[in-house]
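The values are calculated or read from the model by the stated rules, or taken from the named source; none is laboratory data. Here the structure is a predicted model, which is why all the values come from computation and not from measurement. Cβ coordinates were reconstructed from backbone atoms using ideal geometry, including for glycine residues, and neighbour counts include every protein chain displayed. These accessible areas exclude ligands, DNA and RNA; they are computed on the full protein's heavy atoms, side chains included. Shrake-Rupley method; radii C 1.70, N 1.55, O 1.52, S 1.80 Å.
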Amino acid sequence: MDDFKHYTVMLNEAVDALECEAGKIYVDCTLGGGGHSELILKKISPTGRLIAFDVDDEAITHSRERLKDYSNLTIIKSSYTNIKSELKKLGIEKITGGVILDLGASYHQLTKAERGFSFSKDAPLDMRFDMQAELSAYDVVNSYKEEDLVRIFSEYGEERFSKRIAKAIVEIRSRKKIETTGELASVVVNSTPKIKSTIHPATRVFQAIRIEVNNELKNVNFVLHDILDLLDKGGIISVLSFHSLEDRVVKRFFKYESQRCRCNEMICKCPPPRIELVNKKPITASIEELKQNPPSRSAKLRIARCVL
């Protein structure tokens, strides 16, 4: 029995943004539960083609079954950072329709205890999207130098007590390795002052470790450049982000690539902009969606069109 659970955030908004047309090629960089892919396939079948990427075996197994009736779908088990090489293998030089990039971890990943993403269920420290990847949360927590822990907690978690938490982790692991999500959460709670907050004290630290383990921010910036190289003129990129750090990367990239001048010189010699912004301000989830799925409140959708 398939127990894969995933809520597709801003399903219609993110797919409608692509202005799907039959006969064109589309890419879903993050297949996940298959929600966005299914709607794209409904719009472009039978003559359009969809290429979908994911590194999570459970997600791929679930979505392959869900989408088994679509012969115009190709699922690739690989990181979206390999989009250029993987499309080249398929003989695809240009993405003629558009690309969707959903940067959120799936509900299934976050809530399945053994994946080690959440402190709400005690489980081995893991947090890998790709279960075959070498680096895990256990490695980060138990082998990173104190200054490196401070850096990732500060940069990726925007955690103001980064130094206290890192120092406590190093001190405790010198006696006994920190092996579970519950143990790590306890270290964070015990090493920080009690303050009134709507979120658990360990939330930012867990986010930071997850980003480090999966190289999330660097991967996003990397793939955005590759997508623009692959998009045909008129092609659309639709990006869903779920925390401020991701959204900042997307916002800065879109702003830079859509500017007419980037040099600020008296005589501008900048090449023409590669994209135009479809929405200057991010689209957020509707009131109806927020009632169905409260975590959607953090989602931001940015859309751009290739003009070169």
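By the compact-protein rule of thumb, 2.2 N^0.38 Å, the alpha-carbon radius of gyration of the range 33-76 corresponds to a ratio of 1.04.
Under 5 Å between amide hydrogens, built in the peptide plane, is the criterion, and for Val27 it picks out Ile51, Gly98, Val99, Ile100 among residues at least 5 positions away or on other chains.
Among Ala14, Ala133, Ala285, the largest mean-square fluctuation in a Gaussian network model of the chain (Cα springs under 10 Å) belongs to Ala133.
Taking only protein heavy atoms and a 1.4 Å probe, what accessible area per residue, in Å², does the range 200-308 have with all protein chains in place? Walk me through the numbers before you get to the answer.
Details: 5850 Å² over 109 residues.
That works out to 54 Å² for each residue.
With the biggest extent put first, the Cα atoms of the range 105-247 measure 57, 32, 28 Å across the principal axes.
Springs join every pair of Cα atoms under 10 Å in this Gaussian network model of the chain, and among Ile152, Ile195, Ile237 the largest mean-square fluctuation is at Ile195.
Between Glu159, Glu246, Glu288, the Gaussian network model of the chain with springs among Cα atoms under 10 angstrom shows the greatest mean-square fluctuation at Glu288.
Can you tell me what share of the DSSP beta bridges in the chain is antiparallel? A percent to the nearest 5 is fine. Intermediate values should be presented prior to the final figure.
Working: 11 of 29 bridges.
If I count the DSSP bridges inside the chain, around 40 percent turn out antiparallel.
If you plug the beta carbon distance of Lys89 and Gln259 into 1/(1 + (r/R0)^6) with R0 = 45 Å, you get a FRET efficiency near 0.85.
For the chain, which whole-number percentage of the solvent-accessible area (1.4 Å probe, protein heavy atoms only) is attributable to carbon and sulfur atoms? The nonpolar share, carbon plus sulfur, comes to 51 percent.
Are there GluC sites (Glu not before Pro) in the range 55-101 that DSSP marks as loop and that have at most 15 other Cβ atoms within 10 Å, and which are they? Show your work: numbers first, answer last.
Details: sites: Glu58, Glu65, Glu86, Glu93; in loops: Glu93.
Taking the range 55-101 and a limit of 15 other Cβ atoms within 10 Å, the loop GluC sites (Glu not before Pro) found are Glu93.
Taking the Cβ of Ser143 as the centre, find all other residues whose Cβ is under 14 Å away and add up their charges (Lys, Arg: +1; Asp, Glu: -1). Don't skip to the end; give the middle numbers.
Details: positive: Lys145, Arg173, Lys177; negative: Glu134, Asp139, Glu146, Glu147, Asp148, Glu179, Glu212.
Counting the neighbours of Ser143, the net charge comes to -4.
Between the helical axis of 216-230 and the longest alpha-carbon principal axis of the chain there is an angle of about 10 degrees. Of all lysines in the structure, those lying under 22 Å Cα to Cα from Lys177, and not within fewer than 8 positions of it along the same chain, are Lys121, Lys145, Lys163, Lys167. Computed on the Cα atoms alone, the convex hull of the range 181-244 gives a volume of 108 cubic angstrom per residue. Charge dipole (Cα centre; +1 on Lys/Arg Cβ, -1 on Asp/Glu Cβ; no other charges) of the range 160-272 amounts to roughly 740 debye. Counting only lysines at least 8 places from Lys269 when in the same chain, those with an alpha carbon closer than 19 Å to its own are Lys255. Here are a few candidate values for P(r) over Cα pairs in 10 Å bins from 0, in percent: [x] 6, 31, 39, 21, 3, 0; [y] 6, 25, 32, 23, 12, 3, 0; [z] 5, 22, 29, 26, 14, 4, 0. Which one was actually calculated from the structure I just gave you? Answer label, from the structure shown: [y].
Relative contact order for the chain: what percent, with Cα pairs under 8 Å and sequence separation of 6 or more?
Details: 540 pairs, mean separation 55.3, N = 308.
Over the chain, the number comes to 18 percent.
For the range 215-308, what is the Kirkwood hydrodynamic radius in Å, using each pair of distinct C-alpha atoms?
Values: mean 1/r = 0.0689 Å⁻¹.
Computed over Cα pairs of the range 215-308, the Kirkwood hydrodynamic radius comes out at 14.5 Å.
Using C-alpha pairs under 8 Å with a sequence gap of at least 6, the mean separation divided by the residue count of the range 126-202 gives a relative contact order of 23 percent.
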